[in-house]
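K.L.:
One structure, pasted below without further comment.
The values are calculated or read from the model by the stated rules, or taken from the named source; none is laboratory data. Since the model is a prediction, treat every value here as computed from it, not as a measurement. Positions of Cβ are generated from backbone atoms using ideal geometry, with glycine treated the same way; all protein chains shown enter the neighbour counts. All accessible areas refer to the heavy atoms of the entire protein, side chains included, with ligands and DNA or RNA removed. Shrake-Rupley method; radii C 1.70, N 1.55, O 1.52, S 1.80 Å.
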Amino acid sequence: MSHAIYSIKQVAEILNVKSFHEQNDAKINKLVMDSRIITDPEGSLFFALKAKRNGHEYLKDAYAEGLRNFVISEEKYLNELPGANVLLVEDVLKSLQTLAGYNRQQYDLQVLGITGSNGKTMVKEWLYQLLAADFNIIRSPKSFNSQIGVPLSVWQIAEEHTMAIFEAGISKAGEMESLSDIIAPTIGILTNIGEAHAEGFSSHKEKLLEKLKLFKNTGLFIYSPDYTEGLSPKELPGAAKFSWSMKQQADLRILFIEPIEGRNYVRANFRGEEIECLIPFRDKASLENGIICWATLLALGYAPQEADLRLEKLTRVGMRLELKTGINQCSVIDDSYSADISSLAIALDFLNLQNQHPKKTLILSDLQETGKNDPVLYAEIAALLKQKNLNRLIGIGPHISASAALFDLEAVFFDSTQDFIENFPALHFSNETILLKGARKFEFERISKLISQKIHDTVLEIDLNALAGNLQFYRSKLKTGVKVMAMVKAFSYGSGSFEIANLLQYHKVDYLAVAYTDEGVALRKAGITMPIMVMSPEPSAFEAIIKHHLEPEIYNLEILKSFTRSLNEYTSNYPIHLKIDTGMHRLGFEEPDIEDLLRELQTGTQVKVASVFSHLVASDAAEHDGFTKHQLERFSAMAGQISEGLEYDFIRHISNTSGITRHPEAQLDMVRIGIGLYGFDGGLVRNKGLQTVAVLKTTITQLKHIKPNETVGYSRKGILTAGGTIATVKIGYADGYNRKFGSGTGKMMVNGNRVPTVGVICMDMCMLDVTGQNVKTGDEVIVFNGELTIAELAEQIDTIPYEILTNISQRVKRVYFYE
């Protein structure tokens, strides 16, 4: 990415610091405030924020991680960081916001600012889905909408972005002014106004006016007059305005809504004509968020027909509400993220869409940030529950318990979460849908664990955010203009196929590379449209390559001639990639072959060389740096000879994952990133800077108590001489857990403790020695994660991380997380 890079001197000038201990003119491209997640110490600036914890207490930790650039406000630390650039300021948070705001002003792009009580993140994510085809969009990650989250989001704006979408959240008066200055939205979107954080304001109107400060200089304001009642036209921001409403006249006046097969058909009046759209969700929250997005598309000038086509393709974004399997044939809706009446009403609507059980139960804690006294608040909640036809209420907390007489339905109350847990067996949950809605202080995750059913599966969890972060790590090492080819061969190193490719396409890598034609065909069928190179093109698959617009690697004359013959005689300039052998001695043209190669290429115009490349043999090994230099010299000479013979240029690439981190001179026109995307780089010490992408986990199926000298498993190879406890877990060599891990060579983690294997590894399961461990059937077992790493497993059986990852069977379910 072409993210702006600021010198530490520039930062000091922008922040107007009180004191500046300068040691070197560092180049800053990352802002951090957590010493545990520093990925690029050389280019990071640490802000010692005073939030829940005093960031100054972690300065030494950040320093130990290699960071040498700091913003502090406590003068006593000035001389405690030798060799570091230290900027002393009056207010660290204000400095973070000032720097992000300065970065925002360097770019002329459309910026959508979103605020409201609910729906901000969903509207942001959906607008991204709707507009990504037309704009290169930077948006707030996750729910980064706070005084800290907003500047971290805005800092990410880069030269290539043509649109930004940022959300802003506040909890008290006086907070929005700074966020408005940072985001400086050109277009403002108000989602709604509810009771959340009402205690931070003297009135509903004060809260509304505070939120509207975000849009003080916007050119266009999109809103519903249903949420701005009480304000005069002069109090509404925006040089131009676009309104929507379900109740009153507006630019987009909703006429009626009809549920159709799990979706909502919406009809509205717009500019004197009736228009329609189909929102692919039924619940009330998604309906309102969809209408806001509809209004935004129309306000931006999209034709009603185009807006309808895009809205119909919206996909749900995993957010605050999670539906999962519960105990005793129950379903659990976990929505403990926010607790106010508006979000409760929305969650109850979602509850009523669940028809798999005859009974509906709400577990509700005290609501604390509504700004209403108890009699008014709980009378309103009681009326809402009656309206939504709830069957049973379980109230937790002293305030809702004291209001028990207001609730006219089956109900039981507890003073605390602990009180509920102690009485849990008597509550008899069975064949019902249970909605969990609790304020954070009540720790409803403890209840969720009680009523949710454990999954007894072996699962490979793939963190797509981490994979994207690793891609960005390598991109930060590249010179301007260097392209990226991502290797997704071998089922994306065992991590998936189109799921990974889709993410890489979304992040705009330039090329994908697969090993075989069928892999490329599968990606095309899954909607991957970007260029794909096939590294081992079989002549029998040339027809499929051409049909699906794949680009073959050509490594000898026979393959070149055969492929050319497969092309239609009218075909011209079909892209191919020439493999040059500079020392791997596996595949590729050598120097004596170049003359014949050129002669063949010059005989016609059916093919055109898209790239010439080679493969570094030992880019991760310092002892072979001399050979790496020799390879680069050979490649330069041979690629130059080909270029002269063809009289046109092409992409040149030789660098791989470790080459990027150890040999910047090898970047040329493009680099190929493979295992580095998944968090492994032999050129880095302990993969520093990379994130863990894959977690393989299973569960304990059964526990057995073994007497002294009894044997375990096939061939009686497992023996506990002193006896003990054996846990059988649901993973074996058919899942990719190699038989070499048997007899204690392999280790897994149970409840945070490493335990060895016992006996041989079976096809579908294996046994662990859990003697002395506090474990039970159903407990989660980690095969590998960020602590018990794939690299460590590879060392245990004398192999490499590639083999561990790629050997994981496709029968192991992959679960992808992306926020």
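K.L.:
For the chain, what is the mean residue ellipticity at 222 nm derived from helices alone (per DSSP H run of n ≥ 4: -39500 (n - 2.57); sum divided by total residues; nearest 500 deg cm²/dmol)?
P.N.:
The per-residue figure over the chain is -8000 deg cm²/dmol.
K.L.:
Could you give me the ³J(HN,Hα) list for region 653-667, computed from phi with Karplus coefficients 6.51, -1.76, 1.60 and θ = phi - 60°, whole Hz, x at Gly and Pro?
P.N.:
Rounded to whole hertz, the list is 8, 9, 7, 10, 3, 5, x, 5, 7, 10, 9, x, 5, 8, 5.
K.L.:
Quick one: which residues, 5 or more positions from Phe589 or on another chain, have an amide H under 5 Å from its amide H? H modelled 1.01 Å from N in the peptide plane, none for Pro or chain starts.
P.N.:
Lys579, Ile580, Asp581
K.L.:
Could you give the angle, 0 to 90 degrees to the nearest 10, between helix 464-475's Cα long axis and the longest principal axis of the Cα atoms of the chain?
P.N.:
Once rounded, the angle reads 50 degrees.
K.L.:
Here's something else I'd like to know. Let me make sure I get this right: for region 9-85, a, b and c are the square roots of the gyration tensor eigenvalues over alpha carbons, sorted descending. Under 1.5 in a/c it's rounded, otherwise prolate if a/b > b/c, else oblate. Which is it?
P.N.:
Note, shape of region 9-85 comes out rounded.
K.L.:
State log₁₀ I(q)/I(0) for region 576-684 at q = 0.11, 0.23 Å⁻¹ as given by the Debye formula over alpha-carbon point scatterers of equal weight, solvent excluded.
P.N.:
-0.36, -1.25
K.L.:
What's the FRET efficiency of Asn136 with Ser715 using the Cβ-Cβ distance as r and R₀ = 51 Å, to the nearest 0.05?
P.N.:
0.30
K.L.:
Leaving out ligands, DNA and RNA, and with a 1.4 Å probe, what % of the accessible surface on region 7-77 is carbon or sulfur?
P.N.:
Roughly 42 percent of what the probe reaches on region 7-77 is carbon or sulfur.
K.L.:
Highest mean first, how do 396-405, 266-275 rank when packing is the count of other Cβ atoms within 10 Å averaged over residues?
P.N.:
So the order, starting with the most tightly packed, is 396-405, 266-275.
K.L.:
Could you give each residue of region 359-367 its phi-based ³J(HN,Hα) in whole Hz, using Karplus coefficients 6.51, -1.76, 1.60 with θ = phi - 60°, and x for Gly or Pro?
P.N.:
These are the phi-based 3J(HN,Hα) values: 10, 10, 10, 10, 9, 10, 8, 3, 9 Hz.
K.L.:
Over its Cα atoms, what ratio of radius of gyration to 2.2 N^0.38 Å does the chain give?
P.N.:
1.07
K.L.:
Can you give me the accessible area per residue for the chain, using a 1.4 Å probe, in Å²?
P.N.:
It amounts to 44 Å² per residue over the chain.
K.L.:
I would also like to ask the following. If region 42-134 were replaced by its equivalent ellipsoid, with semi-axes equal to the square roots of 5 times the Cα gyration tensor eigenvalues, what would those be, largest first, whole Å?
P.N.:
34, 15, 13
K.L.:
Using the per-residue mean of other Cβ atoms lying within 10 Å as a proxy for protection, in what order, highest first, do the peptides 612-623, 112-123, 473-484 fall?
P.N.:
Final packing ranking: 112-123, 612-623, 473-484.
K.L.:
Here is a follow-up. Starting from 0.36 nm per residue, how many nanometres of slack lie between Ser401 and Asn807 once their C-alpha separation is accounted for?
P.N.:
Extending this stretch completely gives an extra 140.7 nm.
K.L.:
When Lys and Arg each count +1 and Asp and Glu each count -1, what net charge do the other residues less than 10 Å away from Ala268, Cβ to Cβ, add up to?
P.N.:
-2
K.L.:
Next up: Can you give me the long-range amide H partners of Lys241? Hydrogens built in the peptide plane at 1.01 Å from N, cutoff under 5 Å, separation of 5 or more residues or another chain.
P.N.:
The answer is Phe221.
K.L.:
In addition: Using a 10 Å cut-off on Cβ atoms, rank the peptides 462-470, 179-187 from the highest mean neighbour count down.
P.N.:
Most protected by this proxy first, the peptides run 179-187, 462-470.
K.L.:
Next question, about the same structure. So between Asn556 and Glu22, what do we pick up on full extension, going 0.36 nm a residue minus the alpha carbon distance?
P.N.:
Here the answer is 186.6 nm.
K.L.:
Still on this structure, I have one more. Which residues' amide hydrogens lie under 5 Å from the amide hydrogen of Ile719, considering only partners 5 or more residues apart or on another chain, with H built in the peptide plane?
P.N.:
Counting only residues 5 or more places away or on other chains, the set is Val712, Gly759.
K.L.:
A further question on this structure: So, with a 1.4 angstrom probe, what is the percent of accessible area on region 606-736 that is carbon and sulfur?
P.N.:
The nonpolar share, carbon plus sulfur, comes to 49 percent.
K.L.:
How big is the dipole moment of the chain about its Cα centre under a simple scheme where the beta carbon of each Lys and Arg is +1, that of each Asp and Glu is -1, and everything else is neutral? Debye, nearest 20, please.
P.N.:
In debye, rounded to 20, the chain gives about 1360.
K.L.:
Counting pairwise Cα distances across region 226-325, what percent come out greater than 23 angstrom?
P.N.:
Pairs farther apart than 23 Å: 31 percent.
K.L.:
Can you give the angle from 0 to 90° between the axis of helix 557-566 and the longest principal axis of the chain, with both taken from C-alpha atoms, to the nearest 10?
P.N.:
Taking the Cα atoms of the chain, the angle to 557-566 is about 60 degrees.
K.L.:
Separate question: Compute the Cα gyration tensor for region 703-774, then decide on rounded, prolate or oblate, letting a ≥ b ≥ c be the square roots of its eigenvalues: rounded whenever a/c is under 1.5, prolate when a/b is larger than b/c in the other cases, and oblate in all that remain.
P.N.:
In terms of gyration-tensor shape, oblate.
K.L.:
If you don't mind, there's one more thing I want to ask. Rounded to whole Hz and in sequence order, give me ³J(HN,Hα) for region 291-305 from the Karplus expression 6.51 cos²θ - 1.76 cosθ + 1.60, θ = phi - 60°, writing x for Gly and Pro.
P.N.:
Couplings: 5, 4, 5, 4, 4, 5, 4, 5, 5, 7, x, 6, 5, x, 5 Hz.
K.L.:
Here's a follow-up. I need the calculated FRET efficiency for the pair Thr162 and Glu75, taking r as the beta carbon distance and R₀ as 51 Å, to the nearest 0.05.
P.N.:
After rounding, the FRET efficiency stands at 0.75.
K.L.:
Using DSSP, restrict attention to beta bridges with both residues in the chain and report what percent are antiparallel, rounded to the nearest 5.
P.N.:
40 percent
K.L.:
Another question, if that's okay. Where a ≥ b ≥ c are the square roots of the eigenvalues of the C-alpha gyration tensor, would you call region 81-207 rounded, which needs a/c under 1.5, or, failing that, prolate if a/b is larger than b/c, or oblate?
P.N.:
In terms of gyration-tensor shape, oblate.
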